[in-house]
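Student: Structure incoming, see below.
Since every read-out is calculated from the coordinates, none of them should be taken as a lab result. Nothing here was measured: the structure is a model prediction, and the numbers come from that model. Methodologically, a virtual Cβ is constructed for each residue, glycine included, from the backbone with ideal geometry; neighbour enumeration extends over all protein chains shown.
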Amino acid sequence: MPQRITRLPAVNWKPFLKTSTLQSESRSRSVRTPGGSRCSTSRYPPHVPFTDAIAEGVRDGVREATAAIPPLRPPNVVSPPGRGRIRAPTAAQGCLHCISHRERRSASRCSRSAGSENVSALKMCLPSEAGDIARFITEAVLRAGGKPCPPVILGIGIGSTADGAMSLAKEALLRPLGEMNPLEQEIYDAVNALGIGPMGLGGKTTCLGGVRIREAGCHTASLPVALNVQCWAARRATVEVQYP
Amino acid sequence: MIRLSTPLGDEVLSLKAGERVSLSGMIYTARDEAHLRMQEKGIPFDPQGAAVYHCGPVVKDNTIIAAGPTTSARMNELSGFLVDAGVRALIGKGGMGETVRKELRAEGVYLAFTGGCAALAASRMTLKGVFFEDLGMPEAVWAIECRDLPLTVAIDSEGNDLFFDVRRKAEKRFDKMF
């Protein structure tokens with residue numbers, strides 16, 4: 001749910017993003033655990049290009065949050081594959097994910113560790129393999145084992161293109177937990193039947209009440225399926241903005 | 001709950017996978033880059049009976065603010081030299097691979113801490129020092145005094161591995177389902 005409505009001038013997104021980053025961190029602080037400055041997905045209102053002002057707003061927010069008490073851990077970002085350390089200002093940009101979206105004018109921020117992000121999976125299925133989606137996802141969760149800090153929430157993107165499917169999977173994770181459609185339920189049941197359990201130490205709950213699928217149209221010869229995993233510590237914040 | 005304190009000795013050899021332990025004493029954090037640096041430059045602390053924690057903490061004004069575990073599997077092929085040097089316990093989350101299981105045989109244990117519970121861990125820790133600070137906050141080796149850190153023995157010194165058992169059962173269930 002949106003936490004508050006903010007009215008902003010048409011072009012100045014910087015203070016808004018700054019507020020959003022800080023709000024999210026203050027939520028982390030309320031349980032005294034920094035959410036981390038690691039992977040994040042962010043979503044912006046329609047037709048807002050990923051401008052320097054947005055990047056700057058996020059950077060400023062991160063800078064303030066790392067100086068606060070208790071602090072956010074400073075960005076831990078390197079240049080692949082050389083592993084040279086990147087300074088914070090460039091760091092924020094690499095992890096941001098900007099989507100043109102027509103339904104809602106909001107920005108969301110969710111964080112998780114590399115343990116979850118590293119078990120992401122993409123399969124470019126054949127159109128004839130639509131019946132194998134549950135198998136592919138369940139196998140990916142099996143391979144992930146305890147690494148993504150189960151019980152997890154599963155974001156699944158079906159359709160679009162290879163890159164688009166992964167974006168859909170990330171966006172799907174923003175949908176609040178609740179009712180599931182038949183395919184989501186099928187995947188949920190299969191994943192929990194694996195018995196991987198909390199932290200991979202065995203148990204009934206591997207998926208925490210949520211398989212989230214987001215679909216988009218794709219080429220007739222194509223069926224991209226992407227999985228993005230959220231650990232149990234699903235800390236997120238959304239800000240809805242009234243935009244003239 | 002079995003109480004352990006560092007430096008660890010042969011008492012770790014009698015621990016069994018699945019048992020819960022409570023660890024006190026000095027532990028040292030190390031992630032990917034610290035392992036690589038230690039292999040190159042040597043271990044900066046006394047490794048005899050030491051416990052190494054896969055963790056990149058948040059530190060502010062010489063205080064541990066958060067200290068959750070990172071995914072241990074990334075260190076699967078980087079940990080042998082520590083055990084060879086006398087390290088008796090590796091601590092992390094998510095489990096470790098076959099290589100580590102063999103390296104720990106008759107030598108030490110892998111202990112699991114719950115991922116995401118960084119605040120709980122920090123509440124039982126006091127910062128004592130730091131090595132390789134140039135690697136940055138998460139990758140540096142932090143020397144931390146801990147009190148009653150609640151852990152689960154996930155790999156014991158006889159080769160029993162809780163994560164591996166769960167995985168094997170899950171594979172069987174997967175084969176049955178699909």
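Student: Hey, which of these cross-link pairs are over 20 Å Cα-Cα: A:K123/A:K170; A:K170/B:K172; B:K60/B:K93; B:K102/B:K176; A:K147/B:K41? Write down the numbers at each step before the final one.
Tutor: Values: A:K123/A:K170 15 Å; A:K170/B:K172 30 Å; B:K60/B:K93 24 Å; B:K102/B:K176 30 Å; A:K147/B:K41 29 Å.
From A:K123/A:K170; A:K170/B:K172; B:K60/B:K93; B:K102/B:K176; A:K147/B:K41, over 20 Å: A:K170/B:K172; B:K60/B:K93; B:K102/B:K176; A:K147/B:K41.
Student: List the residues, sorted by chain then number, that are 5 or more residues from B:I65 or on another chain and whose placed amide H is less than 5 Å from its amide H.
Tutor: Amide H to amide H, under 5 Å and 5 or more residues apart or across chains, B:I65 pairs with B:V58, B:V59, B:K60.
Student: Sticking with this structure for a sec: Hey, got a sec? Which GluC sites (Glu not before Pro) in region A:164-244 land in a DSSP loop and have at most 16 other Cβ atoms within 10 Å? Could you put the intermediate results ahead of the total?
Tutor: Values: sites: A:E171, A:E179, A:E184, A:E186, A:E215, A:E240; in loops: A:E179.
When the GluC sites (Glu not before Pro) of region A:164-244 are filtered for loop state and at most 16 Cβ neighbours within 10 Å, A:E179 remain.
Student: While we're here: Projecting each Cα onto the charge dipole of region B:2-177 (Lys/Arg +1, Asp/Glu -1 at the beta carbon, about the Cα centre), which of B:G9, B:A67, B:T152 comes out farthest on the positive side?
Tutor: Projecting each Cα onto the dipole axis, the largest value belongs to B:T152.
Student: Highest GNM mean-square fluctuation, chain B, Cα pairs closer than 10 Å: which of B:S123, B:S157, B:S72?
Tutor: The residue that fluctuates most here is B:S123.
Student: How large is ³J(HN,Hα) for each residue in region A:201-216, as worked out from phi by the Karplus curve 6.51 cos²θ - 1.76 cosθ + 1.60 (θ = phi - 60°), to whole Hz, x for Gly and Pro?
Tutor: Result, rounded to whole Hz: 8, x, x, 7, 9, 9, 10, 8, x, x, 10, 10, 10, 10, 10, 8.
Student: Hey, another quick one. Checking the cross-link filter: which aspartates and glutamates have an alpha carbon closer than 14 Å to that of B:K128, excluding same-chain neighbours under 8 positions apart?
Tutor: Within reach: B:D61, B:E145.
Student: Tell me whether region B:99-171 comes out rounded, prolate or oblate; compute the Cα gyration tensor, take square roots of the eigenvalues as a ≥ b ≥ c, and use a/c under 1.5 as the rounded threshold. Could you put the intermediate results ahead of the total?
Tutor: On the way: a/c = 2.14, a/b = 1.76, b/c = 1.21.
Judged from the Cα gyration tensor, region B:99-171 comes out prolate (a/c at least 1.5, a/b above b/c).
Student: Measuring from centroid to centroid over Cα atoms, what is the spacing of region A:189-218 and region B:150-167 in Å?
Tutor: Result: 22 Å between the Cα centres.
Student: Based on the alpha-carbon gyration tensor of region B:13-134 and its eigenvalue square roots a ≥ b ≥ c, which shape applies: rounded if a/c is under 1.5, prolate if not and a/b is larger than b/c, or oblate?
Tutor: Values: a/c = 1.60, a/b = 1.19, b/c = 1.34.
Since a/c reaches 1.5 but b/c is at least a/b, the shape of region B:13-134 is classed as oblate.
Student: While we're here: For B:V130, which sequence-distant residues (separation of 5 or more, or a different chain) have an amide H within less than 5 Å of its own amide H, given hydrogens modelled in the peptide plane?
Tutor: Sorted by chain and number, the residues that satisfy this are B:A143.
Student: Just to check I understand the Karplus step: with θ = phi - 60° and J = 6.51 cos²θ - 1.76 cosθ + 1.60, what whole-Hz values come out for region B:98-111, glycine and proline as x?
Tutor: Working through the residues one at a time gives 4, 4, 5, 4, 6, 5, 7, 3, 6, 10, x, 9, 10, 10 Hz.
Student: With θ set to phi - 60°, apply the Karplus curve 6.51 cos²θ - 1.76 cosθ + 1.60 along region B:31-43 and write out the HN-Hα couplings as whole Hz, x wherever there is a Gly or Pro.
Tutor: So the Karplus estimates, Gly and Pro as x, are 10, 3, 5, 5, 4, 4, 5, 5, 5, 7, 9, x, 7 Hz.
Student: Apply the a/c threshold of 1.5 to the C-alpha gyration tensor of region A:115-230 and tell me whether it is rounded, prolate or oblate. Working shown, then result.
Tutor: Values: a/c = 1.73, a/b = 1.70, b/c = 1.02.
Here region A:115-230 falls in the prolate category.
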